[in-house]
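Encoded as structure tokens, the structure appears first; notes follow it.
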Amino acid sequence: MKGNEALAEAAIRAGCKCFFGYPITPQTEVAAYLAKKLPKTGGQFVQAESEVAAINMVYGASAAGVRCMTSSSSPGISLKTEGISYLCGADLPCVIINVQRGGPGLGGIQPSQADYFQATRALGHGDSRVIVYAPNSVQEMVNVVNNAFNLADEYRMPAMILADGLLGQMMEPVEFPETETAEVKKPWATNGHGGSREHNIVNSLYLKPDVLEKSILERDKRYKDIEAKHTTAESFLCDDAELVIVAYGATARVCKSAVNASRAKGIKAGLFRPVTLWPYPKKELVAASSNAKTLLTVEMSTGQMIEDVKLAIECKKPVEFYGRTGGIIPTPAEVLAQIEKITKTLDMEGV
Amino acid sequence: MSVVFEKPHALTDAVLHYCPGCTHGIIHRLVAEVIDEMGIEGDTIGVCPVGCSVMAYDYFNCDMIEAAHGRAPAVATGVKRSLPDKFVFTYQGDGDVAAIGTAETVHAAARGENIVIVFVNNTTYGMTGGQMAPTTLPGQVTQTTPFGRDTAVNGYPIRVVEMLSTLSGTALAARVAVDTVPHVREAKKMIRKAFENQKNKAGFSVVEVLSTCPTNWGMSPVAALKRLQDEMMPYYPLGVYKDEDIHNKKEGNS
């Protein structure tokens, strides 16, 4: 199944009732699949007049208490950030898919990971956070969609699936597990009080600074709770690794091949792959790199996640970087060359 | 003693923040009276804008959502698509409907969304202190047109309901005013009609209400009402521009 279609099918199985989107490459198949399938499940598919309108339709559907989703690619996500900030401010859950392409501006339509800063830092103004999953296979995309809906509902906040054009477009066998769709009660929803309760208000406006601060701090407690409980990562051959590569998404697949190739040459390399980018799996990275002499971050960007890697290990070890950007995918040979270069330097230094 | 006049149940007891002489209060009341009379408070979700009515969520007793500037029709679409049997209305000003939210307004109408837009036109951005609005009249002095709106520089005001009446998805496009008792009664009739349309799933309904802003116009409430009659009404004629059940008519789309 194609990555984008798997995302869409997983959303339906997770109980997504409404999808609002605007056409953009390379996420096209997500919307096309849902346009065909969602109405058959009693759901609603609406092609909005813009990305801005689409995310605000999500805001409305989420306020009404239903599971809803939008998907886009990099420039479209930039347009959605206004709405995402309002979703955060009003404590509304939803799932947002970003099938990343090259940027800035219109950029290109080939795979990229250059939206890392935006996804983990700047999906809207204000003290707001969004849960970010970075799957690396079609199967994992399916798995994280359900988690994203569940966590979004539990913590009342948006969750993003940060994929890229490669994952979205590639085909792999996939199994849809029996999903456990957590039935979360939403007593806050604006779905008509029916005369049985006080009126509900969904709002992000607090004109009094002390009231606004209180609401932000309450939300921040939830953020801290997620940071403590919901980081995920995969470690591959890290236990004895002298060089730990850190990579996520499609790039992690390339790096895994490079690690295997370097092991065949007797080089002790390992791979650490964050699955959640926010919250970042800091303690997992510290553990995975405990025997490493140096780290190498590989990204399809000019170096963004590297900042989180340095923060996680508190700059106690050197962190090198290798990246391709603009829609170019690094090859295992390129990464292997980097591994050999770094380990050669380590040997020369005699550490 | 019998009660001859009371506050509609659909309005809360909150003290309105609107300036003295502003006609928002009348329009709030008309919407609330319609909700009461139709007995739909428990099935209604209102969406307020950014602008003077940004805090309307505190004034209506039905469930309320505060939207980003201009996005209320999109938010209302999301609610209505999720809860098709509930009543959804937006309450928006001229900047919201016809400047920053023009796309959302036009496309909600084009889709024939079964929602109601109550559009309050007072020819200015009231909340931010009286800047030029998309409906500011030629020659009108505002904070950002200190020498009067020069159409050669600032272009022309938008006649919103006339524009929306051209769209096939629009069921009702009407312009009313709240300057006199007969006009207030007519305004209520149109708002009621808009909500009835939603009940009948007839399509998109918009009721534009000509309103005053004594504070930013620099006028007394009485002089402001006179300006509404002398200057606004000739440019924005009252009337019903479209009244058609677009979803339930027998023939194809117009």
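Only the coordinates and a few stated rules stand behind these numbers; no lab work does. From a predicted model like this one, the values you see are computed outputs, not experimental measurements. Because the Cβ atoms are built from the backbone with ideal geometry, glycine has one as well, and the counts that use them run over all protein chains shown.
What do you get for the angle between helix A:3-13 and the principal long axis of chain A? Use alpha-carbon atoms, 0 to 90 degrees, nearest ten.
Value to nearest ten degrees: 40.
Would you calculate the separation in nanometres between label points at B:Glu162 and A:Leu217, each defined as 7 Å from the Cα along the Cα-to-beta-carbon direction?
The two pseudo-label positions are separated by 5.5 nm.
How large is the charge dipole for chain A, taken about the Cα centre, if only the Cβ atoms of Lys, Arg (+1) and Asp, Glu (-1) carry charge, to the nearest 20 debye?
Using only the charged Cβ atoms, the result is roughly 160 debye.
List, in order, the whole-Hz ³J(HN,Hα) value for each residue of segment B:160-168 obtained from phi through the Karplus relation with A = 6.51, B = -1.76, C = 1.60 and θ = phi - 60°; use x for Gly and Pro.
So the Karplus estimates, Gly and Pro as x, are 5, 5, 4, 4, 5, 5, 7, 8, 4 Hz.
Loop-only check: which trypsin sites (Lys or Arg not before Pro) in segment A:148-208 are DSSP coil with at most 14 other Cβ within 10 angstrom? Provide the component values of the computation, followed by the final result.
On the way: sites: A:Arg156, A:Lys185, A:Arg197; in loops: A:Arg156, A:Lys185, A:Arg197.
Here the sparse-neighbourhood loop sites are A:Lys185, A:Arg197.
Set the Förster radius R0 to 25 Å, insert the Cβ-Cβ distance between A:Glu227 and A:Glu172 as r into 1/(1 + (r/R0)^6), and round the FRET efficiency to 0.05.
Values: r = 31 Å, r/R0 = 1.24.
Computed FRET efficiency for A:Glu227 and A:Glu172: 0.20.
From the helices alone, meaning DSSP H stretches of at least four residues, give me the mean residue ellipticity at 222 nm for chain B, per-run term -39500 (n - 2.57), in deg cm²/dmol to the nearest 500.
Numbers: 8 runs with 75 residues, N = 254.
Value at 222 nm, helices only: -8500 deg cm²/dmol.
Using the Cβ atoms and a cut-off under 12 Å, what net charge is assigned to the surroundings of A:Ile226, where Lys and Arg are +1 and Asp and Glu are -1? Please list the in-between numbers first.
Working: positive: A:Arg129, A:Arg156, A:Arg219, A:Lys221, A:Arg222, A:Lys224, A:Lys229; negative: A:Glu154, A:Asp220, A:Asp225, A:Glu227.
Net of charged neighbours comes to +3.
Which whole-number percent is the relative contact order of chain A (Cα, under 8 Å, 6+ apart)?
17
Helix-only mean residue ellipticity at 222 nm, chain A, DSSP H runs n ≥ 4 weighted -39,500 (n - 2.57), per residue, nearest 500. What is it? Before the final figure, lay out the partial values.
Numbers: 12 runs with 149 residues, N = 351.
So the calculated ellipticity at 222 nm is -13500 deg cm²/dmol.
Please state the charge dipole magnitude for segment B:5-124, taken about the Cα centre, from unit charges on C-beta atoms (+1 on K and R, -1 on D and E), reported in debye and rounded to the nearest 20. Could you put the intermediate results ahead of the total?
Details: 7 positive and 15 negative charges, 77 e Å.
With only Lys, Arg, Asp and Glu charged at Cβ, the dipole is about 360 debye.
Which whole-number percent is the relative contact order of segment A:1-159 (Cα, under 8 Å, 6+ apart)? Before the final figure, lay out each step's value.
Working: 296 pairs, mean separation 40.1, N = 159.
This gives 25 percent for segment A:1-159.
Could you compute the FRET efficiency for A:Lys265 and A:Thr181, with r as their C-beta to C-beta distance and R0 at 60 Å, rounded to 0.05? Provide the component values of the computation, followed by the final result.
Working: r = 46 Å, r/R0 = 0.77.
The formula returns an efficiency of 0.80 here.
With the contact rule set at Cα under 8 Å and sequence spacing of 6 or more, what percent relative contact order holds for chain B?
Relative contact order, chain B: 19 percent.
Provide the per-residue ³J(HN,Hα) series for segment B:214-219, in order, calculated from phi with Karplus coefficients 6.51, -1.76, 1.60 and θ = phi - 60°, each as a whole number of Hz, with x at glycine and proline positions.
Once rounded to whole Hz, the list reads x, 4, 7, 7, x, 10.
Using only the alpha-carbon atoms, how far is helix A:51-63 inclined from the longest principal axis of chain A? Give it as 0 to 90 degrees, nearest 10.
Value to nearest ten degrees: 60.
Using only the Cα atoms of the protein assembly as shown, what are the Rg and Dmax in Å?
My reading of the Cα-based Rg and Dmax gives 27.5, 101 Å.
Quick check on segment B:58-189: of the DSSP beta bridges with both residues there, what percent are antiparallel, nearest 5%? Before the final figure, lay out the partial values.
Values: 3 of 8 bridges.
If I count the DSSP bridges inside segment B:58-189, around 40 percent turn out antiparallel.
Which one, A:Ser112, A:Ile12, A:Gly65, is farthest towards the positive end of the dipole of chain A when Lys and Arg carry +1 and Asp and Glu -1 on their Cβ?
A:Gly65
Can you give the longest stretch of chain B with no exposed loop site, where a site means GluC sites (Glu not before Pro) in a DSSP loop (not H, G, I, E or B) with at most 11 other C-beta atoms within 10 Å?
Working: sites that count: B:Glu6, B:Glu251.
In chain B, the maximal stretch lacking such sites is B:7-250.
Just to confirm the number: angle between the C-alpha axis of helix A:332-349 and the first principal axis of chain A, 0 to 90 degrees, nearest 10?
Taking the Cα atoms of chain A, the angle to A:332-349 is about 50 degrees.
Say the dipole of the protein assembly as shown comes from +1 at the beta carbon of Lys and Arg and -1 at that of Asp and Glu; which of A:His193, A:Met300, A:Thr232 then lies farthest toward its positive end?
Of A:His193, A:Met300, A:Thr232, it is A:Met300.
Calculate how many DSSP beta bridges within chain A are antiparallel, expressed in % of all such bridges and rounded to the nearest 5.
Values: 8 of 41 bridges.
DSSP beta bridges in chain A are roughly 20 percent antiparallel.
How many lysine pairs in chain B, separated by 8 or more positions in sequence or lying on different chains, have Cα atoms less than 13 Å apart? List each step's numbers first, then the result.
Values: B:Lys80/B:Lys199; B:Lys80/B:Lys201; B:Lys86/B:Lys199; B:Lys86/B:Lys201; B:Lys193/B:Lys201; B:Lys193/B:Lys242; B:Lys201/B:Lys249.
Here the count comes out as 7.
Can you list residues whose amide H is under 5 Å from A:Asp164's amide H, if they're 5+ apart or on another chain and H is modeled 1.01 Å from N?
A:Gln100
Go through segment B:220-236 residue by residue and turn each phi into a ³J(HN,Hα) via Karplus (6.51, -1.76, 1.60, θ = phi - 60°); whole Hz please, and just put x for glycine and proline.
6, x, 5, 5, 5, 4, 5, 4, 4, 6, 7, 10, 6, 4, x, 7, 10
Can you list the chymotrypsin sites (Phe, Trp or Tyr not before Pro) in segment B:1-110 that are in a DSSP coil and have 11 or fewer other beta carbons within 10 angstrom?
Listed in order of number, the matching sites are B:Phe5.
Which residues make up the longest stretch of chain A clear of GluC sites (Glu not before Pro) that lie in a DSSP loop with no more than 12 other Cβ atoms within 10 Å, not counting the sites?
Values: sites that count: A:Glu175, A:Glu178, A:Glu180, A:Glu183, A:Glu198, A:Glu314.
The segment A:1-174 is the longest one with no such site.
By residue number, which cysteines of chain A lack any other Cys whose Cβ falls under 4.7 Å from their Cβ?
Here A:Cys16, A:Cys88, A:Cys94, A:Cys238, A:Cys255, A:Cys315 come out as lacking a disulfide-compatible partner, given the Cβ-Cβ threshold of under 4.7 Å.
Where in segment A:128-233 are there chymotrypsin sites (Phe, Trp or Tyr not before Pro) that are in a DSSP coil and have at most 16 other Cβ atoms within 10 angstrom of their Cβ? If you can, show how the numbers build up before the last one.
Numbers: sites: A:Tyr133, A:Phe149, A:Tyr155, A:Trp188, A:Tyr206, A:Tyr223; in loops: A:Trp188, A:Tyr206.
Passing both the DSSP loop test and the Cβ count: A:Trp188, A:Tyr206.
What FRET efficiency comes out for the pair B:Val181/A:Lys208, r = Cβ-Cβ distance, R0 = 41 Å, nearest 0.05?
Numbers: r = 39 Å, r/R0 = 0.94.
Given R0 = 41 Å and the Cβ-Cβ separation, E is 0.60.
Just to be sure I understand the curve: with the Debye formula and one point per C-alpha of segment A:129-216, what is log10 I(q)/I(0) at q = 0.12, 0.13, 0.18 Å⁻¹?
Each listed q corresponds, in turn, to -0.58, -0.66, -0.93.
Quick one: give the max-minus-min coordinate of the C-alpha atoms of chain B along each principal axis, largest first, in Å.
55, 50, 33
For segment A:234-349, what proportion of DSSP beta bridges, expressed in % and rounded to the nearest 5, is antiparallel? Spell out each step's value before the answer.
Numbers: 3 of 16 bridges.
Antiparallel bridges make up about 20 percent of those DSSP assigns within segment A:234-349.
Taking only pairs that are 8 or more places apart or on different chains, how many Lys pairs in segment A:3-229 have Cα atoms under 14 angstrom apart? Could you put the intermediate results ahead of the total?
Values: A:Lys17/A:Lys36; A:Lys17/A:Lys37; A:Lys17/A:Lys40; A:Lys221/A:Lys229.
Pairs that pass both the separation and distance tests number 4.
List the lysines whose alpha-carbon lies under 25 Å from that of A:Lys341, not counting same-chain residues fewer than 8 positions away?
A:Lys256, A:Lys265, A:Lys268, A:Lys293, A:Lys310, A:Lys316, A:Lys317
Taking H placed 1.01 Å from N in the peptide plane, check which residues at least 5 places from A:Thr294 or on another chain put their amide H under 5 Å from its amide H.
Here A:Val244 satisfy the definition.
For A:Val275, enumerate residues with amide H under 5 Å from its amide H, sequence gap 5+ or separate chain, H modeled in the peptide plane.
A:Thr232, A:Ala233, A:Glu234
Just name one of A:Ile55, B:Ala56, A:Thr28: the one whose Cα is farthest towards the positive end of the charge dipole of the protein assembly as shown (beta-carbon charges, Lys/Arg +1, Asp/Glu -1).
Result: A:Thr28, furthest along the dipole toward the positive end.
So if I place +1 on the C-beta of Lys and Arg and -1 on the C-beta of Asp and Glu, and nothing else carries charge, what would the dipole magnitude of the protein assembly as shown be about its Cα centre? I want it in debye, nearest 20.
On the way: 59 positive and 66 negative charges, 92 e Å.
The calculated dipole for the protein assembly as shown is roughly 440 debye.
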